[in-house]
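The values are calculated or read from the model by the stated rules, or taken from the named source; none is laboratory data. Nothing here was measured: the structure is a model prediction, and the numbers come from that model. Cβ atoms come from the backbone with ideal geometry, glycine included; neighbour counts cover every protein chain shown.
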Amino acid sequence: MKIVGVVVLYNPNNEMLLKNINSYLGQIDKLILVDNSDHYNNIVNDVFINNNKVEYSYLNGNQGIAFALNKGFDFAQKNEADWLLTMDQDSSFIRDDFSNFIKIINHKKTEYPDAVVFSPRHNVPYLKKEKGIRKVNSVMTSGNLINMKLVEKIGYFNESLFIDSVDHEFCYRINKMGYSVYRVNDIELDHNLGELEVKKLFGRKLYVTNHNYLRRYYITRNSLFVRRQYASSRLGFMKFTIDHLFWSFLTITLYEKKKLLKYKSMLLGLIDFKRGRLGKKDF
């Protein structure tokens, strides 16, 4: 089972990044660091410059998460890998969980011939703790092992989305094509979701992401685009749209800063969705 990895970088905290990488580097064959940052990262490159296991690729600015992840697919194809590990810069495996992750997949993969993605359980507050392997609709990108034998059938990540919903679109496409995504609940990934806060309103938990205005634009535009593309019915899509816009508007209004700027970004995202405009947005 040959595994190569890709880590997508964007202006990282180098000390934390190197600590995270070391939580899985010893268990994979090769790793590529694809850098979407504003500037070339001399520190990261210097650390790995003499390590023939690691490559550093600077993209001369932010080309989007999907474009960077697809560089990982190219890297895996070039190295004839069986699996691609996709990692965020702010994620790490806990204790020996990555080694155990590989053992579980090696032992169980014949039982799941339709598996394109095996994902760990992210230690985020809205995911309840479970045991065993469970088929799911969608997972976040970080920590996933992707079956390279099936990628040619599924296709690469959708670069027109730029950032946000890239992972969900890929998973929905997998399901639509008759393949599956599985979460291995006994394996835990330490995933830093930035400024996530948990609030309570009338007894209901609200997850306040505190995303900046740029992310609000892409989240609005892309989530609507992806849901419309894969919705089982028009009614289901309309319900998602109303719920998404309502709860986003509510959490911004009650808890977040720079409200007007975020409202404007959501409106622009909605307008561009209606007009069918994808790709990178220039503000």
Which of the numbered conditions does Tyr126 fail, given that it passes all the others? Conditions: (1) of a type in the set (Ser, Thr, Tyr); (2) in the same structural domain as Asn79 (by TED's automatic domain parsing); (3) in contact with a helix residue (DSSP H, G or I) (Cβ under 9 Å, 6 or more places away or on another chain).
(3)
Of the residues Asn60, Asn50, Asn100, only one is over 20 Å from the mean Cα position of the chain (by Cα), at pLDDT below 95 and not charged (D, E, K, R); which?
Asn50
Using the structure shown, decide if Lys30 is free of Cβ contacts under 8 Å to residues at least 40 places away in the same chain, in contact with a strand residue (DSSP E or B) (Cβ under 7 Å, 6 or more places away or on another chain) and basic (Lys, Arg).
no
So Thr220 passes all but one of these: (1) in contact with a Leu (Cβ under 7 Å, 6 or more places away or on another chain); (2) without any contact (Cβ under 8 Å) to a residue 24 or more places away in the chain. Which condition number does it fail?
(2)
Can you confirm whether the range 8-16 contains a residue that is within 27 Å of Ile154 (Cβ to Cβ) and surrounded by 21 or more Cβ atoms within 10 Å (Cβ to Cβ)?
yes
May I ask you to list the residues in the range 80-128 that are of a type outside the set (S, T, N, Q) and free of Cβ contacts under 8 Å to residues at least 40 places away in the same chain?
Arg95, Asp96, Lys103, His107, Lys108, Lys109, Glu111, Pro113, Leu127, Lys128
Inspect all residues belonging to the range 234-252 and state whether any of them is in contact with a Phe, Trp or Tyr (Cβ under 9 Å, 6 or more places away or on another chain), crowded, with 16+ Cβ neighbours inside 10 Å and touching a residue at least 40 places away in the same chain (Cβ under 8 Å).
yes
